[in-house]
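Heads up, the thing below is written out as structure tokens.
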Amino acid sequence: MRIISNSWEHIASDNVRECANNNQLISGVWSLRNLSISVPRAVLSGEGQSAVLQCSYDLEGAALYSIRWYRAEIEFYRYVPREMPPYMIFPLPGASVDLAQSDHQQVRIVNLNRRLSGDYQCEVSADAPLFHTDIRSARLTVVDPPFRAPRITVAQRSYSRGDIIRANCSVDEAYPAPNITWILDDHKIAETISWRSANNDFKERGAFSHLELTLLETQQYQVGLTYTSAGLHRVYQDHAVYGQQNEDLNIVRYTLVPPDSSQFTLGCVATIFDIYARQSEPIYIKEDTPHPASVTGEDSSGAQITNSLLLSSLWIMLLVQSL
């Protein structure tokens, strides 16, 4: 195994690229096609955590000269089949290359940390005489998840119709900052998207979302659409829409009619890409004075129905007395 500095190696790599470009112009022939790179969108950080980066290509019968892998344009792994041994590795701070699972098609990095997030490039070069070279890039994010589950607090755990229930969801620091999804009776009702950090900013940040839940008087219980923080373009099309768009970008507003049971649960979930999701403990919220449902399926707010029943009863009594 060879571990070397990569300062003079960049000069050699640049010379190969220049030679390849010149030969391509002269010959008009291209022996390297269909180059593609496959990099996980996100992986967890920590000892033993790993990422497999893959590179596929078609040399159209030409011999392979080299495969080079870069992070942020700094080389960390090279495979040259005609050398012995065929691989070389370069310093990758805080992590290492698993040579047993790295070759001319992939490289496996182990013990990742969030500072290794960034753009990774695969460069493929065909052998002499043309040295055709091409490169592809993809981004990898190494996730440091929050230590604890999200925490939810509410100003009140009981309500009267017409009340506004205010709730907060907070998440510990993480990299990148988590998104927050509000859950009402197992339905997703809103999502707050956290801003992504700049490429060279690896600072951990927490997340926070404030919900204002308005309880209406009428209509059957439905889960509706809400509006969330700036930058969110996710709409839950299968739900009904209530209310108007939120002018305060720091507040999520949601409107619903209480269910027939007069109680519901409220919670929040912290997510980072598709590799981390953790839910808060649910909060149970109930109505101070539940509205009993009538045999017709309407609640006690249907005064017209009640009056009609009374008039019908009086009419029947008068009819009986007259017989």
What figure, in Å² to the nearest 10, do you get for the accessible area of Glu217 with a 1.4 Å probe and non-protein molecules left out?
90
Modelled label-to-label distance, Leu216 and Tyr276, 7 Å Cα→beta-carbon offset: nm?
3.8
Considering only protein heavy atoms, with the full assembly of protein chains and a 1.4 angstrom probe, order Arg33, Arg78 by accessible area, largest first.
Arg33, Arg78
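Going through the stretch 44-88, which GluC sites (Glu not before Pro) have at most 13 other Cβ atoms within 10 Å and a DSSP loop state?
Passing both the DSSP loop test and the Cβ count: Glu47, Glu60, Glu73, Glu83.
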What FRET efficiency do you get for Tyr284 and Ser50 if R0 is 51 Å and r is their Cβ-Cβ distance, rounded to the nearest 0.05?
0.75
1/(1 + (r/R0)^6) with r = Cβ-Cβ of Arg148 and Asp98, R0 = 22 Å, i.e. FRET efficiency to nearest 0.05, evaluates to 0.10
Compute the length gained on full extension between Asn34 and Gln105: take 0.36 nm times their separation in residues and subtract their Cα-Cα distance, giving the result in nm to one decimal.
24.2 nm
Heavy-atom accessible area of Cys169, protein chains in place, probe 1.4 angstrom, given in Å² to nearest 10, is 0
Projected label distance in nm at Ala138 and Asp163, using a 7 Å step from Cα toward the beta-carbon
5.0
By accessible area with a 1.4 Å probe, ligands and nucleic acids excluded, highest first: order of Trp195, Trp182
Trp195, Trp182
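The values are calculated or read from the model by the stated rules, or taken from the named source; none is laboratory data. These numbers were taken from a predicted model, which means no experiment stands behind them. Every residue, glycine as well, gets a Cβ built from its backbone with ideal geometry; the counts of neighbours run over all protein chains shown. Calculation scope for accessible area: heavy atoms of the full protein, side chains included, ligands and nucleic acids excluded. Shrake-Rupley method; radii C 1.70, N 1.55, O 1.52, S 1.80 Å.
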